[in-house]
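Working notes for the structure below.
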Amino acid sequence: MSAASRAAAWRARGPEQLTVPLVFFLAGFFLLPSGKALNNVYYALVLAPAVVLLRAADWRWLAASRLWRLAVVLLSYLALSGLWSREFTIHDWLGEAKALSYLVVYLAVLACVRARRPVAWEWLVKAVVLAAAAATLISAVLLYRTAPWAARLDYYGAVYNANEAATLVGGCLMLVLFQLLPAARGPWRQAGWLGVALILAAGIALTGSRMPQAAVAVCAALGLALSRQWRLLGFAAVALALMIGALLASGYDYQAAVARGDSYRSAIWQNFAARVARSPWLGEGILTDDSTQVASRSVGVPALTMNHPHNVYLATTLYGGLPALAMLVGLVWLALVQGALLARGGEPAWLMMLLVGLLCMLTDGDRLLHAPRGIWFYFWLPVGVLLAREAAARSGHALAAGPVG
C-alpha cells in the first residue's frame with residue numbers, strides 16, 4: 001500500500017480513533033504538573049490529528065444536535081465580544097479567539113468517540129476516574145508531608161486550585177457511583193470501585209471546598225433516589241459516616257478547614273453586578289479586565305484584588321451581556337433535557353456530573369471560552385457526551401452505532 005493510500009485509510013477511520021489521546025488528555029487534568037503541559041498534550045495528541053480526521057460528514061452529523069449548534073453560537077459570540085472590549089487589540093483578541101477552535105474540536109471529538117466507540121469509551125471513563133483517584137492519593141502524600149493536617153488539599157496537577165480540583169473530582173465520583181459501580185460484576189470489582197469512591201470523596205473533603213462538598217452530597221443522593229438504588233444509597237451514607245469518623249479520629253480539624261467566612265463572594269458579586277448593570281446588552285467583552293477590589297475585613301489590611309467574578313453565569317453576562325446569559329441558560333436547559341433522557345434510560349451518571357458542575361459554577365469559575373482548563377472537564381465534558389446522544393437520536397443512529405456518513 002502506498003503512503004497516500006495509507007494516509008487516506010487513516011483519515012477514513014474518522015476522529016473516533018483519537019480515543020487513546022483523549023484518555024491522556026483527560027487524565028492530564030489530574031496527573032500533569034502544569035497547565036502548560038496539559039495544553040501541549042491537547043495540541044499535539046488531539047487537536048493536530050483531529051484537524052485531519054474530522055470530515056464533512058462528521059460536522060453534518062453534529063449539526064443535527066441543537067445542543068451542538070447552541071454551544072457553537074455561544075462560544076462564537078463570546079469570541080466576537082472581544083471586538084467591542086475597551087481593551088481591544090488585534091493581538092490580544094486573536095489570542096483569546098483561537099480558543100474557539102480548540103473547544104469546538106474538543107467537543108466534536110468527544111461526541112464522535114462517545115457515539116461510535118462505546119467499549120473504548122467505557123475504559124476511557126475508567127482510566128480517567130482511576131487517574132483522579134491516584135492524583136488524590138499522590139497529592140495528599142505530597143501536601144501533608146510538609147503542611148499541617150488541617151490544611152486544604154491542593155492537587156499537584158494541571159488544576160491546582162482547591163475549589164476547581166474538588167469540582168473535577170466530584171464529577172469523577174458521579175461517574176463511579178452511577179456508571180462504574182452499578183455495572184461492576186462480582187463482589188471484588190464492586191469493592192474496588194467502592195474503594196475508589198471513598199478515595200475521591202475523601203479528596204473532596206480534604207479540599208475544604210464547601211460548594212463542591214454540598215453539590216456532591218445533593219447530586220449523589222438525588223441520583224441514587226432517581227435510580228431507586230436504595231441499598232447503594234445506604235452504603236454511601238455509611239461510607240460517608242465512616243470517612244468523616246476516620247478524619248475526626250485522625251485529628252483532622254474539619255471546622256478549621258471550612259471556617260473561612262464567605263471568601264468575599266458577596267462583595268465580589270456586588271461589584272460585578274454593578275458593572276453588568278452599566279453594560280447589560282453587549283457586556284464588556286471577553287478582553288475586559290475582570291479583576292475587582294474588595295475591602296478587607298482585617299484592620300489595617302489594604303483592599304484585596306480578586307482576579308475573576310467567581311461565578312460562571314455572572315462572568316458570562318459580564319463578557320457578553322444578557323444575550324450571552326440567555327444562550328448559556330438555553331444551553332444548560334437542552335443539556336439537562338438530554339441528561340434526563342439518558343437517566344430515564346438507565347444512565348444517570350452524566351446528568352449528575354453536569355449538575356455538580358452547574359452548582360459549583362455558582363461560586364467559582366469565570367470563562368466558558370478558554371484553552372484547556374478545569375471547566376473543560378466538569379462542564380464541557382458532560383455537554384459533549386449529551387450532544388452526542390442528541391446527534392445520534394436525531395440522525396437516526398443508535399448511540400453505539402458505527403461510523404456515520
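The values are calculated or read from the model by the stated rules, or taken from the named source; none is laboratory data. Fair warning: this is a prediction, and the values are worked out from it, not measured in the lab. So basically every Cβ, Gly included, is an ideal-geometry build from the backbone, and we count neighbours across all protein chains shown.
List pairs: first in segment 287-314 and more than 13 Å from ALA267 (Cα to Cα) and among the charged types (D, E, K, R), second surrounded by 10 or more Cβ atoms within 10 Å (Cβ to Cβ) and modelled with pLDDT under 90, Cβ under 6 Å, 6+ apart or cross-chain?
Close Cβ pairs satisfying both conditions: ASP290/HIS308.
Quick test for you: out of LEU336, LEU318, LEU314, pick the one residue that is touching a Leu at 6+ places or on another chain (Cβ under 9 Å) and under 24 Å from TRP84 (Cβ atoms).
Answer to the check: LEU314.
Looking at LEU240, LEU206, LEU175, which one is within 30 Å of TYR144 (Cβ to Cβ), modelled with pLDDT under 90 and out of contact with any Gly (no Cβ under 9 Å at 6 or more places or on another chain)?
None of the others qualify; the one that does is LEU240.
Give ARG297, ARG394, ARG373 a once-over and let me know the one that is at pLDDT below 95 and outside any loop (DSSP other than H, G, I, E, B).
ARG394
So which of LEU168, LEU153 is crowded, with 21+ Cβ neighbours inside 10 Å, in contact with a Ser or Thr (Cβ under 7 Å, 6 or more places away or on another chain) and closer than 25 Å to LEU200 by Cβ?
After applying the criteria, what remains is LEU153.
For every residue, the table says whether it meets (1) modelled with pLDDT of 95 or more; (2) assigned to a helix (DSSP H, G or I).
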site	(1), (2)
GLU96	no, yes
VAL105	yes, yes
LEU130	yes, yes
ALA147	no, no
TYR155	no, no
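On the given criteria, is LEU354 out of contact with any Asp or Glu (no Cβ under 6 Å at 6 or more places or on another chain), crowded, with 24+ Cβ neighbours inside 10 Å, of a type in the set (A, V, I, L, M) and not in a loop (DSSP other than H, G, I, E, B)?
Yes: the conditions hold for LEU354.
Would you confirm, using the coordinates I've provided, whether ARG185 is more than 30 Å from PRO323 (Cβ to Cβ), modelled with pLDDT of 85 or more and either in contact with a strand residue (DSSP E or B) (Cβ under 9 Å, 6 or more places away or on another chain) or not in a helix (DSSP H, G or I) (or both)?
Answer is yes for this residue.
Give segment 253-271 a look and list any residue that's modelled with pLDDT under 65 and either buried (at least 16 other Cβ atoms within 10 Å of the Cβ) or under 23 Å from ASN307 (Cβ atoms) (or both), or say none.
ALA257, VAL258, ARG260, GLY261, ASP262
If the Cβ limit is 8 Å and pairs must be 6+ apart or interchain, which residue in segment 205-227 that is farther than 16 Å from ARG152 by Cβ and in contact (Cβ under 8 Å) with a residue 24 or more places away in the chain pairs with which residue that is among the hydroxyl-bearing types (Ser, Thr, Tyr) and crowded, with 22+ Cβ neighbours inside 10 Å?
What qualifies is ALA215/THR167.
Could you please find all residues in segment 111-124 being in a helix (DSSP H, G or I) and either basic (Lys, Arg) or in contact with a helix residue (DSSP H, G or I) (Cβ under 6 Å, 6 or more places away or on another chain) (or both)?
Answer for segment 111-124, where residues must be in a helix (DSSP H, G or I) and either basic (Lys, Arg) or in contact with a helix residue (DSSP H, G or I) (Cβ under 6 Å, 6 or more places away or on another chain) (or both): ALA111, CYS112, VAL113, ARG114, ALA115, ARG116, ALA120, TRP121, LEU124.
Quick one: ALA215 ticks every box in (1) at pLDDT 70 or above; (2) over 24 Å from the mean Cα position of the chain (by Cα) bar one, so which box is it?
(2)
When you go through (1) surrounded by fewer than 21 Cβ atoms within 10 Å (Cβ to Cβ); (2) under 26 Å from VAL125 (Cβ atoms); (3) among the charged types (D, E, K, R) one by one for ASP58, which number turns out not to apply?
Only one criterion in (1) surrounded by fewer than 21 Cβ atoms within 10 Å (Cβ to Cβ); (2) under 26 Å from VAL125 (Cβ atoms); (3) among the charged types (D, E, K, R) is unmet by ASP58, namely (1).
Please determine, by comparing only the residues of segment 55-94 that are part of a loop (DSSP other than H, G, I, E, B) and more than 23 Å from the chain's Cα centre (by Cα), which one is farthest from ALA315 (Cα to Cα).
ARG55
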